[in-house]
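Chemist: Take a look at the following structure, please.
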Ligand code: SAM
């Protein structure tokens, strides 16, 4: 049986696409190789949001040309956003590549590999499925049988796509060109996928979309959400979708989403946060800049004051809710005053997490018309100052949690997570996330089986980016003992080789 290996660059959307590629390849009879060296087919799932990510692909293909030369039947596939952006050009520029496949063409991958195996020429397939959008569904393992604790179970956390593409035209962003226009998935399908995951053991679902909160049901199957205004052009059906998932899948412990756009943080969404216990007390809300002048040039379609008012309404509706964000530094024309406005916004909102990026010129984007006039050194220096500010806010926040009790969804075993196979900080065996998305390492629970459980912990220490915790007495008394073989039978989410974004 041919063996494959997938390397993923970029965002959660790409991680999710890679999981679907695993599914389609396995269904077509391929098995996963232990390493790239053992693989017959190697897939690079690429990101082109910043130039650096695209350069990584080019150097990776250069390195893999030798891997290909070692055996004539080896196949190199380039998937994802660079594949969509460059198409046939990639085949002409880099002879080592055999197949170029866009995000909407993943189901065709086995067929393209089959054609190649019988003598077909290298091929690029990058066609958006505009007329009949396809949303690939993960096949969760069968639900656990009550008779056996060792039945296969789904991972505690999963992604579910609700929409793809993007209709915003942020002047810096290549996504509308690599992912196409917005297409939405019917809410019935979304609910059915989540219900199947939960029946198989999943506790937390993250709804995925490029502007996830612009969602609208293509079949018109959702009632208007409480608080939704018929006159507000920024209103969507996202709050209605959240309400439907919470009502129809009551066993779902946590319902997250990413990435929302601030424009669609409307009163109906705030109300959903206030009323649905499954929505955790953390939202990632990309702001990009704190300067109105820069926001206008970025075509973000909100002002700083609107962003602050909308996020403040959310925090007031859900006490203790934390926010994280994305920020670009060095956008064309960004002055020291503009950047100072960004720093002051970070302090004003009090973000507890931040992904920062140096502006990078991307093909097809409107900002190409603007001169990239902030010197590289200044971009680097602003990014460092931004991180300094956000690290201080995070450190103060994590320290404030020491001594508190939190609920943690246990996502996996720490020793599986470290690249070297070691345990987490303090020798912790288990780790997971609090309701606010802080990472917590749980010490002193080696003899217990906590995977997929929501457990109560006391926070004992703050690390730089995470928390150290212990089970409360009540949680310890309620926990299941670890059975021989039990851990191995209940896998954590597949760990894909992910190359993180700059600053991420
Ligand atoms: N759709 C989301 C939005 O705009 O709200 C984010 C999607 S993008 C994959 C993730 C982040 O990358 C963006 O929020 C932005 O901060 C950053 N980014 C996008 N284009 C960029 C560019 N040309 N240069 C630097 N950073 C960029």
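Chemist: Inside region 64-127, counting only strands (runs of 3 or more DSSP E) that do not spill past its ends, which hold 1 or more residues that are within 27 Å of the chain's Cα centre (by Cα) and within 16 Å of residue 6 (Cβ to Cβ)? Can you show your working first?
Modeler: On the way: elements: 75-79, 99-101, 123-125.
So the answer is 75-79, 99-101.
Chemist: Let me ask something else about it. Name, by its number, the condition in (1) away from the ligand (no atom under 16 Å from the Cβ); (2) farther than 24 Å from residue 368 by Cβ; (3) surrounded by fewer than 23 Cβ atoms within 10 Å (Cβ to Cβ) that does not hold for residue 16.
Modeler: With (1) away from the ligand (no atom under 16 Å from the Cβ); (2) farther than 24 Å from residue 368 by Cβ; (3) surrounded by fewer than 23 Cβ atoms within 10 Å (Cβ to Cβ) applied to residue 16, the lone miss is (1).
Chemist: Could you count how many residues in region 277-300 are in contact with a helix residue (DSSP H, G or I) (Cβ under 8 Å, 6 or more places away or on another chain) and under 17 Å from residue 258 (Cβ atoms)?
Modeler: Of the residues in region 277-300, 7 are in contact with a helix residue (DSSP H, G or I) (Cβ under 8 Å, 6 or more places away or on another chain) and under 17 Å from residue 258 (Cβ atoms).
Chemist: Kindly indicate the residue of region 40-62 that is within 16 Å of the ligand (Cβ to nearest atom) and assigned to a loop (DSSP other than H, G, I, E, B) and also farthest from residue 179 (Cα to Cα) among those meeting that condition.
Modeler: Just the residues of region 40-62 that are within 16 Å of the ligand (Cβ to nearest atom), to begin with: 45-57.
Okay, now just the ones that are also assigned to a loop (DSSP other than H, G, I, E, B), so 47-50.
Details: 47: 11, 48: 11, 49: 11, 50: 15 Å.
Taking the candidates together, the pick is 50.
Chemist: Can I ask one more? So, in region 354-411, of the ones that are in a strand (DSSP E or B) and within 13 Å of the ligand (Cβ to nearest atom), which residue ends up farthest from residue 431 (Cα to Cα)?
Modeler: At the first step, the residues of region 354-411 found to be in a strand (DSSP E or B) are 354-358, 405-411.
Within this subset, residues satisfying the condition of being within 13 Å of the ligand (Cβ to nearest atom) are 354-358.
On the way: 354: 21, 355: 22, 356: 26, 357: 28, 358: 32 Å.
So, considering only residues that are in a strand (DSSP E or B) and within 13 Å of the ligand (Cβ to nearest atom), the one farthest from residue 431 (Cα to Cα) is 358.
Chemist: Does at least one position in region 333-351 carry a residue that is surrounded by fewer than 17 Cβ atoms within 10 Å (Cβ to Cβ), more than 27 Å from residue 405 (Cα to Cα) and within 16 Å of the ligand (Cβ to nearest atom)?
Modeler: yes
Chemist: Here's a check for you: in region 203-229, which residue that is more than 16 Å from the ligand (Cβ to nearest atom) and buried (at least 22 other Cβ atoms within 10 Å of the Cβ) is nearest to residue 276 (Cα to Cα)? It would help to see each step written out before you state the result.
Modeler: Of all residues in region 203-229, those more than 16 Å from the ligand (Cβ to nearest atom) come to 203-205, 216-229.
If we keep only those that are buried (at least 22 other Cβ atoms within 10 Å of the Cβ) too, we end up with 203-205, 225.
Details: 203: 16, 204: 14, 205: 14, 225: 12 Å.
In this case the residue turns out to be 225.
Chemist: While we're here: Look at region 30-39 and say how many of its residues are modelled with pLDDT of 90 or more and in a helix (DSSP H, G or I).
Modeler: Matching residues across region 30-39 total 1.
Chemist: Let me ask something additional. If I filter region 390-428 down to residues being surrounded by 21 or more Cβ atoms within 10 Å (Cβ to Cβ) and in contact with a helix residue (DSSP H, G or I) (Cβ under 7 Å, 6 or more places away or on another chain), which single residue comes out as modelled with the highest pLDDT?
Modeler: Only one residue tops the list, namely 390.
The values are calculated or read from the model by the stated rules, or taken from the named source; none is laboratory data. Because the structure is a prediction, the values reported are computed rather than measured. All Cβ positions, glycine included, derive from the backbone under ideal geometry; neighbour counts span all protein chains shown.
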